[in-house]
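These notes concern the structure reproduced below.
Just so it is clear, none of the values below were taken in a lab; they were calculated from the coordinates. Just so it is clear, the structure is predicted and the values come from calculations on it, not from any experiment. In this analysis, Cβ positions are derived from the backbone assuming ideal geometry, glycine residues included, and neighbour counts consider all displayed protein chains.
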Amino acid sequence: MPEQDHENADRGDLPDLGLRAYATDEHSNGDLLKNLEGRHVHRFSEGTREHAGTALMAVELSDDEMLGVQVTMAVDTSSMEVYPDVRERDDSSWVCDSFTERWSLGRIEEPCPDCEIVAVLERNIMDPETAEVLAVLDAAGQEPFAVNIHHDECGRTEFFEL
């Protein structure tokens, strides 16, 4: 299967952004996504009430701050597409095979809360038709895998305070 090469999001000197940053327009969507690297994922869940039709990834920003990141928007959010073949290269960049599998949220959530976002990858981010943002997840005892982070036609991701 062909591999998809994704550009690693480089945190650089970006300070740790707290929950407040996700509720304002002070930072770019790219900076907010980069800020997720190194964070632990506590769970995946389906949205309810006004958030029905979405699936969220709950990410710990600090000891007392949890952020919901929209990972899919669909009629059935009990499962989602996952990139199961993700590898780190010698130069510390990440590559994933274009093959996807449909996993239940329960299966994706199994390694949580010991699951860490080790990289946020962007591909064709300026082209709304083909743009992708992936979170590479790693947990002890399991091969890394990637999930899409949902973004709208303007390239923005929905974030929710939990």
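Taking N as the number of residues in the chain, what is its Cα Rg relative to 2.2 N^0.38 Å? Kindly include the intermediate steps, with their values, before the conclusion.
On the way: Rg = 14.7 Å, N = 162, 2.2 N^0.38 = 15.2 Å.
For the chain, the normalised Cα radius of gyration comes out at 0.97.
Size of the dipole of region 3-161 about the Cα centre, Lys and Arg at +1 and Asp and Glu at -1 on the beta carbon, nothing else charged, in debye to 20? Before the final figure, lay out the partial values.
Details: 12 positive and 38 negative charges, 77 e Å.
Rounded to the nearest 20 debye, it is 380 debye.
For region 103-162 and region 33-91, what is the separation of their C-alpha centers, rounded to whole Å?
6 Å
Could you tell me which of 118, 133, 19 has its Cα farthest along the dipole of region 3-161 towards the positive end, charges placed at Cβ (Lys, Arg +1; Asp, Glu -1), taken about the Cα centre?
Toward the positive end, the furthest listed residue is 19.
Arrange 96, 112, 154 by Cβ neighbour counts within 10 Å, fewest through most, would you? Walk me through the numbers before you get to the answer.
On the way: 96 23, 112 17, 154 7.
Listed from fewest to most nearby Cβ atoms, that is 154, 112, 96.
Assuming R0 = 35 Å, can you tell me the calculated FRET efficiency for the pair residue 63 and residue 26, based on Cβ-Cβ distance, to the nearest 0.05? Walk me through the intermediate numbers first.
Details: r = 23 Å, r/R0 = 0.65.
Result of the calculation: an efficiency of 0.95.
Compute the relative contact order of the chain as a whole-number percentage, counting only Cα pairs closer than 8 Å that sit 6 or more residues apart in sequence.
Numbers: 357 pairs, mean separation 43.0, N = 162.
Relative contact order here is 27 percent.
Using 0.36 nm per residue, how much length does the chain from residue 129 to residue 88 gain when fully extended, once their Cα-Cα distance is taken away?
Working: separation 41, 0.36 × 41 = 14.76 nm, distance 2.65 nm.
Between residue 129 and residue 88, full extension yields an extra 12.1 nm.
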